[in-house]
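For reference, the structure is listed below as structure tokens.
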Amino acid sequence: MSRKITTSDISLALGLSRNTVSKALNGHPSITVETRKRVVDHAIAMGYKKLKLSVSGSTAASESAGKARSIAYITKSQINHGTGFWLNVLSGVEQMISRNGYEMKLSFIKNEDIEALELPALLASDIAGFIVAGSFDKPYTEKLMALPHPKVFINIHPDTRLSDLPADVVFMENEDSIYQITRHLMNLGHTEIGFIGEIHSCRSFMERWFGFQRAHFDADLPIQPSCCITVPNAESYQNYEGIARSLMDLPKLPTAFVCANDKIALHVIKYLKEIGKAVPRDIAVTGFDQISEAEFLGFTLTTVALDEYQLGQRATEQLLARMSKPDRAYETVRLATKVVLGESSSAR
């Protein structure tokens, strides 16, 4: 069992006093915004579990207002909020919550709590609403749905019907972007194209798979199941060892891989390099998200760009609107994306 991260660990890592770290984590007005963000970002990256982002300014004013002034941010403990995509989403949420005078409370849900259908204690406290970041399994999603609070989901389990959802959903356009990328590869001469992504884990991955399928249908080209990795995996698709093992099990490699996100694409590129295959000379690889880590590949990655910060802001705007008008029709909001063609996809 891993040791719990403490404020002492954070202070040692940053070279700050424990008192400064404690004040930063509790939103003390004596701490500058820059220092506070540095401490909070590092606490998230280290997996600090007692994080409470106090961004409301005056607690006394909040209490005197006579209504809940806290908004909860619920996510899985294994999702990395220290860098990349989810850090930007979280920053967008925090900025919008702060602007509207609320306090943000974070809860990182462990796998054992998901399996036991154990909800975080803060959801039993006096909160105005909550945002769920990332997809949980269907039973846990339904447990969250049953709560009376206003709620917004950033992504959702693929088996959840949006038409029956008693909540708002905010995420990005998925299907058409992957359709465009897949047709781009076909236009370059690729006929054996693999797809990698656990499509049963979240709706965004499932919709990207739909785009991949539709591109093949419109091109009258059969999908090669033996080149695709889409089934649930005991090892995370975001984990290099899991991806490498799945790739080793393929009977043959295609001429191109369409990956459900950039993280998977980076693992695929690493594996191909280790077995002596060059991207894009031997195999083309594409991603989704345009994460900063891909900048160090030595070539540009064909991917799909979206504004994660805006995604966090928009989800918070949706929650605030739901809090003010709880009876209006529920909405599914999709932010526009843009296909970015890079050097990782090339002609056969």
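What follows draws every value from the coordinates through simple rules; no lab data is involved. The structure displayed is predicted, hence computed values, not measured ones. Cβ coordinates were reconstructed from backbone atoms using ideal geometry, including for glycine residues, and neighbour counts include every protein chain displayed.
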Check your understanding: Between residue 118 and residue 3, what is the FRET efficiency for a Förster distance of 22 Å, r being their Cβ-Cβ separation, to the nearest 0.05?
Key -> 0.50
Practice item. Choose one of 180, 206, 253: the residue whose Cα lies farthest towards the positive end of the charge dipole of the range 175-306 (beta-carbon charges +1 Lys, Arg; -1 Asp, Glu; about the Cα centre). Key: 253
Review point. Could you give the dipole magnitude of the range 175-306 about its Cα centre, charging the beta-carbon of Lys and Arg +1 and that of Asp and Glu -1, in debye to the nearest 20?
Key: 220
Revision key, fill the gap. FRET efficiency for residue 274 and residue 219 from the Cβ-Cβ distance with R0 = 25 Å, rounded to 0.05, comes out at 0.20
Point to revise | Anisotropy class of the range 182-253 from Cα gyration tensor, a/c 1.5 cut | key: oblate
Practice item. Would you pull out the residues with amide H under 5 Å of residue 134's amide H, same chain only if 5 or more places away, H placed 1.01 Å from N? Key: 154
Review point. With a ≥ b ≥ c the root eigenvalues of the C-alpha gyration tensor of the range 175-306, is it rounded (a/c under 1.5), prolate (a/b larger than b/c) or oblate?
Key: rounded
Review point. Where a ≥ b ≥ c are the square roots of the eigenvalues of the C-alpha gyration tensor, would you call the chain rounded, which needs a/c under 1.5, or, failing that, prolate if a/b is larger than b/c, or oblate?
Key: prolate
**Study point:** Selection of trypsin sites (Lys or Arg not before Pro), the range 137-222, meeting DSSP coil and at most 15 other Cβ within 10 Å
**Key:** 161
Review point. Given 0.36 nm per residue, what is the gain on full extension from residue 162 to residue 26 after removing their alpha carbon distance, in nm?
Key: 45.3 nm
Review point. Which ordering of 263, 273, 105 is given by a fewest-first count of other beta-carbon atoms within 10 Å?
Key: 273, 105, 263
Check your understanding: Charges only on Cβ, +1 for Lys and Arg, -1 for Asp and Glu: so what's the dipole of the chain about the Cα centre, in debye to the nearest 20?
Key -> 880
